[in-house]
1. Name every residue in region 39-61 that is closer than 17 Å to Ile24 by Cβ and in a loop (DSSP other than H, G, I, E, B), in order of residue number.
2. Mind listing whichever residues of region 79-96 are among the β-branched types (Val, Ile, Thr) and within 26 Å of Ile24 (Cβ to Cβ)?
3. Filter region 62-87 for residues that are closer than 25 Å to Ala33 by Cα and in a helix (DSSP H, G or I) and give the result.
4. Filter region 63-78 down to residues that are among the charged types (D, E, K, R) and within 20 Å of Leu31 (Cβ to Cβ), then give me how many there are.
5. Which pairs turn up if I take residues in region 75-99 that are surrounded by 10 or more Cβ atoms within 10 Å (Cβ to Cβ) and look for partners that are modelled with pLDDT under 80 and among the hydroxyl-bearing types (Ser, Thr, Tyr) with beta carbon separation below 9 Å, at least 6 apart in sequence or on another chain?
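The values are calculated or read from the model by the stated rules, or taken from the named source; none is laboratory data. Predicted model only: the values in this text are computed from it and were never measured. Methodologically, a virtual Cβ is constructed for each residue, glycine included, from the backbone with ideal geometry; neighbour enumeration extends over all protein chains shown.
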Amino acid sequence: MCRPPRIPANLEERTARRSVPSIINGLCQTLNALKSKKVLVAMEATGAYETLLVKCLASHRIDVAVLNPRQIREFAKGIGMDAKTDPIDAQLTSMPSIW
């Protein structure tokens, strides 16, 4: 089981979707929830920001796919989505046809 280390309160962060006490706590909560399910976590490559999450997912034997942002953008253009926003990118990343 993933257990978060103790960290000072000033390092606490919030996620866009839900509040968690810290990014470490949020990561541990997510890993613990996912490891009992058969899932594939797909994410956009961010130039190294995804590295910690990829390593954590792999160490918990959770399948992970890191997608090229350019390919996501080209796929979006191909299906007529010209806007470039995080919600659109997230929606596209979750589509099995893009993997």
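1. Once the filter is applied, which keeps residues that are closer than 17 Å to Ile24 by Cβ and in a loop (DSSP other than H, G, I, E, B), region 39-61 yields Tyr49, Glu50, His60.
2. Selection gives Thr93 alone.
3. Correct list: Asp86, Pro87.
4. As a first pass, look at region 63-78 and keep what is among the charged types (D, E, K, R): 63, 70, 73-74, 77.
Now narrow it down to the ones that are within 20 Å of Leu31 (Cβ to Cβ): 63.
Counting residues in region 63-78 that are among the charged types (D, E, K, R) and within 20 Å of Leu31 (Cβ to Cβ) gives 1.
5. Phe75/Ser97
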